Amino acid sequence: MKRILLLILLGIWSCSPTVEEGFSNNWQSEVNRLYKASLNKELSLTEQMQQINKAFSLVDIDKAESYSKILYQKNRLHLMSQEIDSLKYYHELLLTHALQQEDFAILGSQYYVMAYYYDQIAHLTDSAFVNYNRSKSYYQKVNDSAWVAKNLLHMGIIQKNKNDFFGSKESLTEAIEYINPTMDSNTLASCYNLLATNHRKLLNYNDAIDYYEKAISVSNVTIDQLIFTNNKAVVYTDADQNEKAVSLLNSLVKDSILAQHKEVYARVLDNLAYAKWRMGSKVNEQHFLEPLRIRSQIKDNRGKMASFTHLGEFYSGIDKNRARALFDSVIQLSKKLKTPRAEKEALANIMDLAPNNLEVRNRYVFLQDSLYEQELKVKTQFAKFKYDDRVTQASNLRLEKENAEQRLRAAQQEKQKIVVLSIGGVILLLALFGIYYYGQRSRKLVQENKTAKLEATYATEAELSKKLHDEFGGKLNHAMLLLQDTDNHNEVMDIVDALYNQSRDISREINDVDTGIHFKEVLFGMMGNYCKNTKLIITGSNEVDWSKISTLSKKTLYKVLQELMINMHKHSKATLVSVSFEKMGKKLQIDYADNGVGAPKEAFHVKNGLWNTEKRIHAIDGTIIFDSEEGRGFEARLVLPN
């Protein structure tokens, strides 16, 4: 009887689509009304959260678009309300749903929200960088160029703040390619401003000034133009062109808009006083104290560090005790703000005041070594984040495809079973046989799929290990073959050929060094590769017990000699190269000489490959001396510990 009643009720419901659809439409209208109410900025955050929570309690998860946008709005409001635990919980919920629906736009938006949290609230820059990069990747899938550029801009800012100036330049240059100058001139101006800052940090003052001028020209926000002009003046001060700096800053001080922005106004006043003092103009302490007063009033601690530093330099020649106290204030603030580079610069100023203070000198050396190690790590850190994210995205897409194929097979099999069972008792044996057949086939497919996954894993590992050379170089070689059948592409062919050779050189340069029993052969083989058209003479190597040379010294020796060989191969035009080895107690001395064109003395003070060799040698307590003049060849003496 109960079954009959149930069938009657089911029949009534199935025959009443109008009632069901009307109920569904009213329900969805209420969800949309609550969602729009949560966007109303005239409501308080608490009221907005109440509206979105009601919408979330009513929304149907099968309504994919509504469910995703409501979850995203919830996450935004949790972030604004500083409800971090809820933000992280609903973040995972949204990711699961959006990935299933392949809603790449909402994924890009959600990863940007999390990147903002890690960047501006948690101050976990590594996590922020990873999330900005993922947001960028999803926006690329939906061709949203504006948001791709914004994410790349934030990634460039993080890299700049971590002193990865070259990586920052790469991210910002890529961002510019996605920007529509007429639609998003302010983002473009920000990119130019940061590129200028990177060049300033790399001591490329002319490039820095060019990019600041570009930022000023494309920006349509007056205060931003004033900030960029101030930054340009600071470059002139760094380049000891103080008259130009003073002229620019004097014009800024007179601008009425600047006075409305106290932080920027104090910055301009402080930079003006400092530039005048460096120029030799009459400046008293009041010129520095006024911007310091403003910065203290608005609690601008980073600005206060700059004021204390400039005041300390001002007093260094007048009152050393007061100068020392000011530099101590910089150190205290730098520790509070976790900016060790500012502490290091303050310690350098204190060492000028008290050169015999061993405690200050030891702290300075410790910071210098720590920052050097950090910079070496940062150079590859962000590149690895980008690469790992690409691998993860590829893996996710592969898994999604496999899951979709499995769901499709399961659906097909279910349909086939239903058809077989409905045929009737007459063909029951045939139906049972069919079920058995498809069951066996399903298990076989699953087993084959598992085997394919395992083989794909091994293949992926092998592919990743060769990605830098084989894929990059192989694609370029393929492009060369394609272009050979076309006309007037000789120049393009030369460029592509050069890139192919470069990929092999890069792969060879960054490979790890074999420091085992074959190190000597590997070392000499490397030098021979660069001297195919140059006579190479090696002496003294047989007297060296290579097994007693430490692994670190071997790697350093290899990299330094490689740098010298690259320098010779590219620039010296030498026909003869000499390398001699000599044991000096517990040290190994290596003398390098060639008969090339040489180099001016000024070249040794530029941050180039030779500068990198000094860094490598000094890092293991070794020494290196260069001797060269234009037209008289090039010489270098290395001394390494065992």
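Observations, loosely collected:
- Whole-percent carbon and sulfur share, accessible surface of region 38-92, 1.4 Å: 46
- FRET efficiency estimate (nearest 0.05) - Cβ-Cβ, Ile61 to Val142, R0 22 angstrom: 0.45
- Heavy-atom accessible area ranking, 1.4 Å probe, most first, across Phe166, Phe519: Phe166, Phe519
- Accessible area in the full protein assembly, largest first, 1.4 Å probe, for Leu202, Leu71, Leu358: Leu358, Leu202, Leu71
- Average accessible surface area per residue within region 94-206, 1.4 Å rolling probe, Å²: 42
- Extended-chain gain in nm, criterion 0.36 nm per residue less alpha-carbon gap, Arg322 and Leu203: 39.8 nm
- Solvent exposure of Val234, expressed as accessible area, is near 30 Å², computed with a probe of 1.4 Å over the protein chains only.
- Taking the 1.4 Å solvent-accessible surface of region 162-258 as the whole, the part contributed by carbon and sulfur is 47%.
- Taking all Cα pairs closer than 8 Å and separated by 6 or more residues, the relative contact order of region 300-372 comes to 25 percent.
- FRET efficiency estimate (nearest 0.05) - Cβ-Cβ, Lys244 to Ser81, R0 51 angstrom: 0.60
- Rounded accessible area of Leu124 (nearest 10 Å², 1.4 Å probe): 90
- The calculated FRET efficiency for the pair Asn529 and Gln100, based on their C-beta separation and a Förster distance of 41 Å, comes to about 0.20.
- Scaled against the 2.2 N^0.38 Å expected of a compact globular protein of N residues, the Cα radius of gyration of region 103-177 reads 1.01.
- Surface analysis of region 250-343 yields an accessible area of 54 Å² per residue, using protein heavy atoms and a 1.4 Å probe.
- Rounded if a/c under 1.5, otherwise prolate or oblate - region 43-153, Cα gyration tensor axes: oblate
- Low-density loop positions, GluC sites (Glu not before Pro), region 27-59 - DSSP coil, at most 11 other Cβ in 10 Å: Glu42
- Heavy-atom SASA rank of Leu58, Leu557, Leu552 (probe 1.4 Å, accessible area, largest first): Leu552, Leu58, Leu557
- When you restrict to C-alpha pairs under 8 Å that are six or more residues apart and normalise by the size of region 256-319, the relative contact order lands at 33 percent.
- Once the 1.4 Å probe is applied to the protein heavy atoms, region 548-642 comes out at 52 Å² accessible per residue.
- Paramagnetic label reach from Glu373 (point 7 Å along Cα→Cβ; backbone nitrogen cut-off under 20 Å): within region 146-172, residues 162-164.
- Residues in region 113-149 reached by a label modelled at Lys88 [backbone nitrogen below 19 Å; 7 Å Cα→Cβ]: 113-132
- Counting only protein heavy atoms and a probe of 1.4 Å, the accessible surface of region 264-311 is 49% carbon and sulfur.
- Linear extension gain, His518 paired with Lys615, 0.36 nm per residue minus alpha-carbon span: 32.3 nm
- Rolling a 1.4 Å probe across all protein chains gives Phe56 an accessible area of roughly 50 Å².
The values are calculated or read from the model by the stated rules, or taken from the named source; none is laboratory data. Owing to the predicted nature of the structure, the values given are computational and were not obtained by experimental measurement. Heads up, the Cβs are rebuilt from the backbone with ideal geometry, glycines too, and the neighbour counts pull from every protein chain shown. Note: areas computed on protein heavy atoms with side chains; ligands, DNA, RNA excluded. Shrake-Rupley method; radii C 1.70, N 1.55, O 1.52, S 1.80 Å.
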